[in-house]
Every structure is written in C-alpha cells, then in structure tokens.
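Report on the structure given below.
The values are calculated or read from the model by the stated rules, or taken from the named source; none is laboratory data. The structure presented is a predicted model; accordingly, all values stated were derived computationally and were not measured. Ideal geometry is used to build each Cβ from the backbone, glycine not excepted, and the neighbour counts take in all protein chains shown.
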Amino acid sequence: MTPDLGDLYQEVILDHNRQPRNFGALPGANRRAEGFNPLCGDRVTVEVEMQDGVVQDIRFQGSGCAISKASASMMTESMKGRTRAQAEALFQEFHRLLTGDAAAPDPAALGKLVVFSGVREFPVRVKCATLAWHTLRSALENAREIATTE
Amino acid sequence: MTVPAGAKTAFDVRSVRQDFPILHQSVFGKPLVYLDNAATAQKPKAVIDALARYYTQDNANIHRGLHQLSERATAAYEEARSKVRRFLNAAEDREIVFVRGTTEAINLVAQSYGRTHLDPGDEVLITTMEHHSNIVPWQILCEEKGARLRVAPIGDDGDLLLDEFEKLLGPRTRLVSVVHVSNALGTVNPVKRLVEMARRRDIPVLVDGAQAAPHLRIDVRELDCDFYALSGHKLFGPTGIGVLYGRARLLEAMPPWQSGGDMIASVTFAKTTYNRLPYKFEAGTPHIAGVIGLGAALDYLESIDRDGRIAHEDDVLAYATRTIAALPRVRLVGTAREKTGVLSFVIEGVHPHDIGTILDREGIAIRAGHHCTQPLMDRFGVPATARASFALYNTRAEVDALAAGVRRVLEVFR
C-alpha cells in the first residue's frame, strides 16, 4: 500500500467501516437530525438521547463511504457523557485535525479520533469525515432543517 | 508517399493518443489513465490550437462588424455551424442553434416549445435512465402548466422496456424526451424505433445526445427526431458550447426564450420583430471561440476513420466488461444488449468514493457517485456507482491498469 493511502485507510477506520458501532435507530431519542452531502448523495441520520444536558445515548444510520461511516461510528463512541458545549469543543478539535487550520489539534482531547489525521492529505474527503458531525451539531441545536456539508 | 488532403488512414490508437497533449503526464507518479470521458473528454491539439488562433488572429464580434476581423470571425463561426449540420446530417444550417450545452438545449425546448404547447392534464414522457438535466426542466414545466411527467421504466439489465414505453404514449402526450446513450449505464436506446412510435401519434421527440455524439454516427434525418441536443466538451471541443438541432418547422413556430441583441430584426419601443432562424435563439454575443473550437473538434473527428474508431471503442469496452466483471466482489450496473462508452460497477463492501480515491492514487481517473441520475440509482438500489467511461484514445492496456487498481481496492478493503 502506498504510504499516503495507508494514512487515509487506517486499520481502525476500516474496522469501523466494516462494523460500525452504535448503528441503527435509537427509540428513546429526543434529538434527531438528518445530514446530506449533495456532492455525493450520502445521507446520515443521527439520533441522540439527552438527559440533564448530557448525551446519554447516540446512534446513527445511513449510507456512505468508509470515511464517513467510520467517522460517524467513532463520533458516537466519543460523545456519550458529553454536554453540548463539550460536544461542540470536540467537533472544533476534530475539524482542526482534518483541515490543519489555526492552532494544532490537541491529541489528548481527540483520543482515538487522531486516526483521521490522514484525511488532511485528501481535501475532497474532508466533507465525508465531517458529515455526521455537522448532523450531530444540528441535532443538538434541534434544528428542523437538514444539515448539509455545504 | 503523399496522402491526399482529407484522406483517412486506418484507425491507430497510438497515433490518436499523440494528438491529445494532456494524456502524456503522470499523476501520483503513475501514468495518467483518464477514464472519466463521460464527464468531459480531453481536447486534441487541433482544438487547442484553433482556440489560440482565433484569439491570436481573428477575435472580433460577429454578425455586425464591417471590418476584416469581424468578417473572419463571422465566417469561422458560420462555417462551424455547417460542420455541425454535416455531423448531424441535418437538412439546413438554420436548424443548428448554438447553446451552452445539452442542459441549456433541453431548457430551451422546455421553456419555448413546452410552454406554448402544454395545457393542464397534458403529459411529457421521459425514461428512468435520464440525467437530471432531462428530468428537472420537465418537472418545472409540468408544475407550471399543471401537466404530468410520465416515466418509462427499464429492465434489470438497463434496457428500456419498449412495450411499457409505447403504452405510455397516450392522447395527452405532448412531448417525448429521451436519452440516446445513458451516461450512467452506457445503454444505447433504440431511438429510431422510439421516434417511430411517437411519430405515429404526432408526438415530437427530443433526443439527449450528450453521450451518444462522441461514440455513435448521428443522423437526425434517419432518426427522424424533432430535437437533438449535444455538448461540445464531451465531443472533444471546449466547455460552454453545445448544440440544439431542431426541425425548422418547429423552430420557426417557437417563441424566443432569451431576448436581447442579435436575436432581433428590428426594435422600436412599440414593437420588436425577431430575427430569422437560427439567430432568433442566439441572443447576445455567443461563445464564438467555443463554436470555432467545436468546429475544429468535428474536423478532427472527421479526419479519423470512423468505422475503425467505433470498432476500437467497442473492443475496449468489451474487454473492460470481461476483465472487470471477472474480478471478485464486483458487480456491473448496466448490462444492456447495446452499450457504448460506459462501464458502471459496484464492489461488495466498498463505497464507490473509496474506489475513486484509491484509483486516483494509481493515476486512474474515474467518476464515483450518482452521475446526476439519482432516480436511476434508486432503480438499481445503490446510492452510487463507480464509472469508467471511455473515449477513442483509451486502450486495453489502460483497462489492465484499471483492473490492477480495482485489485488494489480489494486488498485495502479485504
């Protein structure tokens, strides 16, 4: 495998693509949003159960490429127990990791999510990696509109 | 040995490849394998030179200048119209309208012909395999007019179901708009038969020829269609230029759809008289360089042995079909009896975008996505496909590179 492809398709990402965690409907959800990437037609639904301002449970559904599925899967894993503000802070950190904007991302804050650092070398795939995150943000805002990556 | 001007030599793909400068480059250290021709085709040097020559020597506005440059530009522009007329075997130059592309050609017919011929309850018939550009203009028109958009279904192999198509031609059908070659499946529709069915009921037919023009011999009089639309950039010409062929009798009766300069005969504040065909439909300064470039592209195609070219293209597609279909976990989408130019496929457990990214790193350019045919993707129950699309300059060796790239995908996504 050429090194740069290996940076993108890390084993952890391939694993989450094969066996996405927290995949399916969440019957007790009180927040829900749909995300859509008009460029590729990928769709994702994120459902959240918030209690006392904290993410109790979170699941996602939809179809997408390995990057978007793994990103959604790992996002759900890292969201449980977070407040909305903490969720937003993690999204900001994750976004910095993908785009290399401004301050360097904090590996400690990102944890396992650092496996997505290779996406930076594939700018057209950044939207794949952030679709579920945009959708989560819109679910937590309880926005009625469908989130898009545009 | 001297070759007389205009003489054609037997088709030779190696010599054809020499005519396309862009092909000779590396991408990520690998020789470029360009298999995204259905999105846009590459340009021969003859086209690039014609554009440079026009801007270097002849640039002027057309149809009004009294000076030499304007005369030369006008002559080149109108000469290109004659070349298009010959390419389509239309009867008259005035049946050739220059537009931005196939999308604009379809919108022109929808807005001009459609708006004056549709009443509430009338119907427009399309097929499941249409590009969004041959769906949305009719949806908008039908909504405005209270008309109904009907859709002729296709079979699992991607062939149009002719009986179903014919059944949908009813007393309220006012127009049929059908794709000649599907951009997502490669299916070649039996347009001549479809037109016969419609003609028996006096229903005009528009043919979306965007994907057909680079591959097939097009003869609008033999097809007997009323409108034929194509895009220059898929035909080895510049982007931003396309053609609407229209039967003169229909075009004459149609109102203009855009207005301004060039499309008028005389203007007073009381009344405007429209120009004759085709200028009635060419408002404003057109894409003169694009038209001249398209003419150069048609000259280029004309210089190539057509039967040899088509045989070569058929061979490469057949070889690609065999080679790719034989790979594990691969399923072809679109296996119609008659196909040209397109090989769409999916791989079990791998999203087409991941296929596209991995192939890109191998220097292979394909398209991954819904190909602006979302209803068709729904019909096949897939969100997207990977699509390799071929042109006259592609080779069996490039198919082998594609197959090796797909094997690499299978390795990454075990």
Q | Top-ranked residue of the range B:60-114 - restricted to ones that are over 29 Å from B:PRO204 (Cα atoms) and among the small types (Gly, Ala, Ser), ranked as modelled with the lowest pLDDT | A | B:GLY65
Q: Check B:ARG414 against each of (1) in a loop (DSSP other than H, G, I, E, B); (2) more than 24 Å from A:VAL12 (Cβ to Cβ) and name the one condition it does not meet.
A: (2)
Q. So which residues in the range A:78-93 are over 10 Å from A:LEU110 (Cα atoms) and in contact with a Leu (Cβ under 9 Å, 6 or more places away or on another chain), if there are any at all?
A. A:MET79, A:ARG82, A:ARG84, A:ALA87, A:GLU88
(Q) Would you confirm, using the coordinates I've provided, whether B:ALA336 is among the small types (Gly, Ala, Ser), under 25 Å from B:THR373 (Cα atoms) and either outside any helix (DSSP H, G or I) or within 14 Å of another protein chain (Cβ to nearest Cβ) (or both)? (A) yes
Q. Going through the range B:337-364 one residue at a time, which ones are farther than 20 Å from A:CYS65 by Cβ and surrounded by fewer than 21 Cβ atoms within 10 Å (Cβ to Cβ)?
A. B:ARG337, B:GLU338, B:GLY363
Q. Taking into account only those residues within the range B:233-266 that are part of a loop (DSSP other than H, G, I, E, B) and charged (D, E, K, R), which is farthest from B:PHE281 (Cα to Cα)?
A. B:ARG247
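Give the residues of the range B:115-138 that are outside any strand (DSSP E or B) and within 21 Å of the chain's Cα centre (by Cα), sorted by residue number. Walk me through how you get there before you give the answer.
Step one: filter the range B:115-138 for residues outside any strand (DSSP E or B), giving B:115-122, B:128-138.
Hits for the range B:115-138 are B:THR128, B:MET129, B:GLU130, B:HIS131, B:HIS132, B:SER133, B:ASN134, B:ILE135, B:VAL136, B:PRO137, B:TRP138.
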Q) Which of the residues spanning the range B:349-370 are closer than 24 Å to B:ASP156 by Cα, more than 10 Å from chain A (Cβ to nearest Cβ) and either among the aromatic types (Phe, Trp, Tyr) or assigned to a loop (DSSP other than H, G, I, E, B) (or both)? A) B:ILE366
Q. Are any of the residues in the range B:211-222 assigned by TED's automatic domain parsing to the domain that holds B:GLY101, of a type in the set (A, V, I, L, M, F, W, C), more than 30 Å from B:ALA289 (Cα to Cα) and buried (at least 21 other Cβ atoms within 10 Å of the Cβ)?
A. no
Q. Assuming B:TYR54 fulfils every condition listed in (1) buried (at least 17 other Cβ atoms within 10 Å of the Cβ); (2) within 22 Å of B:ILE218 (Cβ to Cβ) apart from one, which condition is it?
A. (2)
Q: Report yes if some residue within the range B:283-291 is within 14 Å of chain A (Cβ to nearest Cβ), part of a loop (DSSP other than H, G, I, E, B) and at pLDDT below 95; otherwise report no.
A: no
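What helices (runs of 4 or more DSSP H) completely inside the range A:1-118 contain at least 2 residues that are within 14 Å of another protein chain (Cβ to nearest Cβ)? Write out each step before concluding.
Details: elements: A:3-8, A:11-18, A:66-79, A:84-99, A:107-110.
Fully inside the range A:1-118 and qualifying: A:3-8, A:11-18, A:66-79.
Would you be able to tell me the number of residues in the range B:25-59 that are assigned to a loop (DSSP other than H, G, I, E, B) and either more than 29 Å from B:GLY209 (Cα to Cα) or modelled with pLDDT under 95 (or both)? Explain how you work it out, then say what you get.
Taking the range B:25-59 first, the residues assigned to a loop (DSSP other than H, G, I, E, B) are B:25, B:28-29, B:32, B:35, B:37-44, B:59.
Within this subset, residues satisfying the condition of being either more than 29 Å from B:GLY209 (Cα to Cα) or modelled with pLDDT under 95 (or both) are B:25, B:28-29, B:59.
Count: 4.
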Q. Which of (1) closer than 16 Å to B:GLU282 by Cβ; (2) assigned to a helix (DSSP H, G or I); (3) in contact with a Pro (Cβ under 6 Å, 6 or more places away or on another chain) is the odd one out, the single condition B:GLU164 does not satisfy?
A. (1)
